[in-house]
């Protein structure tokens, strides 16, 4: 047992950081929407799924014959992230307009909004499974769609017995850079101030001249864009997607958001990484089939001792 | 020809319908086909359906006295749906026999119902070993089960690779766990050290599993599961410099394994299957099957298409022998003995096929290649 | 459906068809409020008789042309109704958001399957034991988590549902991924044998639904029901008024769980075979959708919601592939048009208009012409 742990600890840590970064990026969308609307945006996992397809289609159009290097690699990466961020962001805004705004205008309960979200989630999944996949990608079959390789799996360096590959470094670094960018947008810009104000007290924000509808739209756009970036990194790393891919990752990301303190941007990052690591470490002892049980158990235990997550909730407080 | 057509019209006019006797001398019996025809795993079920349909179309084209009508029941592989569909099939459609259910879960759910209603069934593809142990008198299948497949593939790997240490992986689905355990047991019985790991079927990042395999450094890897997970797993193993021989069972025997893993990573992967899939270069009677199938289905024969054909043929033989009621057909099945497209077809008293051959395939140049029955096949490279 | 008749009688008002249905329902309800006892009992009897003749083949050919109607009435429809009534106790009455209700259904089902096949217990003993087990696990889940606020509770219950399913899937002792086949049928009642014919199961499930409804109504009118209403409307105020909120929340969880366990027991006795895939998260979501679609907190609404959600996909089997797509779209549409559900509870409606409905409204609520909802939740 202990031998296993010693042998597998470092490689597991690397794997945990990579998947944790993707959880964190998706978690941002949950956390921002929750901060502003107090709504679990259940369909956010499908926004991520759409992001993976946006990158996949772009990549199929580029049709790389060999992995890229140097500037070409950076260029392709940026392009994929941009396309996915735009497509996912736009989808999130459309989702808000169709599935949430009408409810908001009628003063519906958050429970009704949750059902609407679940409905939208099913709708988007099936839409992709039945229509979009065949239309976008000339390949029948609902199961999976594979992406060509464009980042080489070269080992960059070794830490102990763990080798760290180029693609893994890209995932973690890109995720952190994007999150730092988002943090600055929320903290330093006018629109960010609007988001924080709305999260804190929507009525007061309205009185201060903030357009709530615009703020909600921007929140969905930013959260969706983050999921899009996660989608492009996922396509690079896993090289495979499907119309059902969102569900499990979405639940994990939401768990990560709650774990870190929902409504809190830095909490999402922290929650994602912690979740990725704990899952992988736990799997060393219990076997990989228990990963999800480990994740949820950790969540319950953390909430028992810190009822609002590790870093506490709310978009505005952690800004200070 | 004209006379026959007229009598058919007469029969139709008389409104004979399902199972009843028509006005002319032609009667029709209904045989059901149940399986996942539109769901996630339909790629495994449509080929046997095409095979069965081809057999029945060929038979009906000979203008027999008793025609066969094939009724589709799309269970999407779900036990709950199978339950309500079979009730309709028996009570209102009045089928006399069933081809299927395609999967083991749905077979477990409705096997008892079929037995209580005395409707014979022949599954072309359900490989769970437990199915034969329920004492069902009306249940049959034309494929070897996982308890045959697991040990055969393990023995094959022992001969080919003489491993000291094996790593057996699976996802957490019923089929996957079953075959992985059968393989594990055979390896252990033969003195091979075995380590195992399992992951959720919906997971996509297998880093912890790969880490375990890498730290164990085995001589051979067996994966129990379907191609979607198999492809991703194989890719992630190879990306992490695990170059060990990778073997899997019938669930992974699909071109999508190669697509999912990438042609380079999938090269030389070994796959076992109780199914016999004829490829374009076959000769003899299988060649006829290949050509006819391609004509009628519009595609090359795929997994379990010969088995679907054989299951339908067994019923056709019964009906040709004048057995048109469920019980007569079932009694006839216990004596049936013919050279099927996949293998010689003869049932044991528990419904299992007498001939439990396992065939071995290998990925060569990105294509699945049949090496032959597991007892005689030789790995290439 | 009754609703159709109502729509036709009402002339469409300027607020559209849905509002018309709403008015019709309001009128019916006024009548009901003032109805004499014998009138009410007449309706009850009519409903029960209706339920008993429902499996008639004449009805079945229209209701479910693609599969056996009586089987469909047992599962999904009857089972969904039973589950929805149970979930309604938690969500509709006590105002607690539970996204893992399927866990209790699974526990009831596994109890019947495991103790019936491994130890040969009597069917009814296994059902009773399943109900107890479900209640206990409801308490075990609730004790550490019910102090959490609504949304945290949602994710924790979701996690609990997944933990139960995954644990069942990875524990060989209870069949693991292979599931448990050969579950014994219920023993005969009054000479009626439970075999493959779905009819006896249908009557069994109707009996269970009637019992559970009576239980649920009695509960709602009791001290417990009033305490739940108080918690739902304003937990802090309830606590201040001396309502032991935690205890009552725990009780709601346990009672909901018991009904879920009962549904699982009946399902397993009919199904003969269960495996962990019988209990996916989507089933929790579906039942929750049934409760909300029908009108959370209002039993007739909840039953109607569960009936529709169980029945429509079967009725439209012809659309095969597109069923789930349509289902998702309909959920979104319904929530946009009638967020309070098809047959909302009046009390809940009033609560919502005060802006204090248990689940609260979305945060960035903008007072508009249609709403007078304040943003109490966000201000917390």
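What follows draws every value from the coordinates through simple rules; no lab data is involved. Just so we're clear, the structure is a prediction, and the values are computed from it rather than from any experiment. Here the Cβ positions follow ideal geometry from the backbone for every residue, glycine too, while neighbour counts run over all protein chains shown.
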Each label sits 7 Å from Cα toward the beta-carbon; between residue A:184 and residue B:294 the label points are separated, in nm, by 6.1
Cβ density ranking, 10 Å radius, fewest first, applied to A:169, B:183 yields A:169, B:183
The extension gain from residue A:217 to residue A:152, computed as 0.36 nm times the residue separation minus the Cα-Cα distance, is 19.6 nm
Here the alpha-carbon Rg of the range C:78-129 over 2.2 N^0.38 Å rounds to 1.35
Mean per-residue count of partner chain Cβ within 10 Å for A:6-17 equals 4
In degrees rounded to 10, the 0-90 angle between helix B:79-91 Cα long axis and the longest Cα principal axis of chain B is 20
Taking Cα atoms, the helix B:2-13 axis meets the longest principal axis of chain B at an angle in degrees (rounded to 10) of 90
Quick P(r) readout (the range B:201-260; Cα-Cα; 5 Å bins; whole %) gives 4, 20, 31, 28, 15, 3
Between residue A:161 and residue A:285, the FRET efficiency computed from the C-beta separation at R0 = 25 Å comes out, to the nearest 0.05, as 0.90
Two pseudo-spin positions, 7 Å from Cα along C-beta at residue A:191 and at residue C:38, lie apart in nanometres by 7.0
So the pair-distance distribution of chain A, from every Cα-Cα distance in 10 Å bins, comes to percents of 6, 26, 34, 24, 8, 1, 0
If the chain between residue C:62 and residue C:211 were fully extended at 0.36 nm per residue, the gain over the current Cα-Cα distance would be 50.8 nm
Tilt, helix B:104-117 to longest principal axis of chain B (alpha-carbon atoms), in degrees rounded to tens, equals 30
Zone reached by a paramagnetic label modelled 7 Å from residue A:208 Cα along Cα→Cβ, restricted to the range A:29-73 with backbone N below 18 Å, covers A:35-38
Site residue C:321, offset 7 angstrom along Cα→Cβ, radius 19 Å on amide nitrogen, limited to the range B:62-81, gives B:72-78
Here the relative contact order (percent) of the range B:180-307, from C-alpha pairs under 8 Å and at least 6 apart, is 18
Expressed as a whole-number percentage, the relative contact order of chain A with C-alpha contacts under 8 angstrom and at least six residues apart is 36
Residue span residue B:63 to residue B:325: 0.36 nm per residue of separation minus Cα-Cα distance leaves a gain in nm of 92.3 nm
Taking only the alpha-carbon atoms of the protein assembly as shown, the convex hull volume per residue, in cubic angstrom, is 183
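Report, in deg cm²/dmol and to the nearest 500, the calculated mean residue ellipticity at 222 nm for the protein assembly as shown, where each DSSP H run with n ≥ 4 adds -39500 (n - 2.57) and the sum is divided by the residue count.
Values: 44 runs with 635 residues, N = 1081.
For the protein assembly as shown, the value works out to -19000 deg cm²/dmol.
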Expressed as a whole number, the average count of other chain Cβ atoms within 10 Å around the Cβ atoms of A:295-305 is 4
Within the range A:37-72, the residues whose backbone N lies under 13 Å from a label point placed 7 Å from the Cα of residue A:132 along the Cα-to-Cβ direction are A:43-58
Final fewest-first order of A:281, A:290 on the 10 Å Cβ neighbour count is A:281, A:290
Taking N as the number of residues in the range C:71-357, the ratio of its alpha carbon radius of gyration to 2.2 N^0.38 Å works out to 0.98
Exposure-ranked with fewest Cβ neighbours within 10 Å first, A:216, A:76, A:301 stand as A:301, A:76, A:216
So the FRET efficiency between residue B:335 and residue B:280, C-beta based with R0 = 35 Å and rounded to 0.05, is 0.50
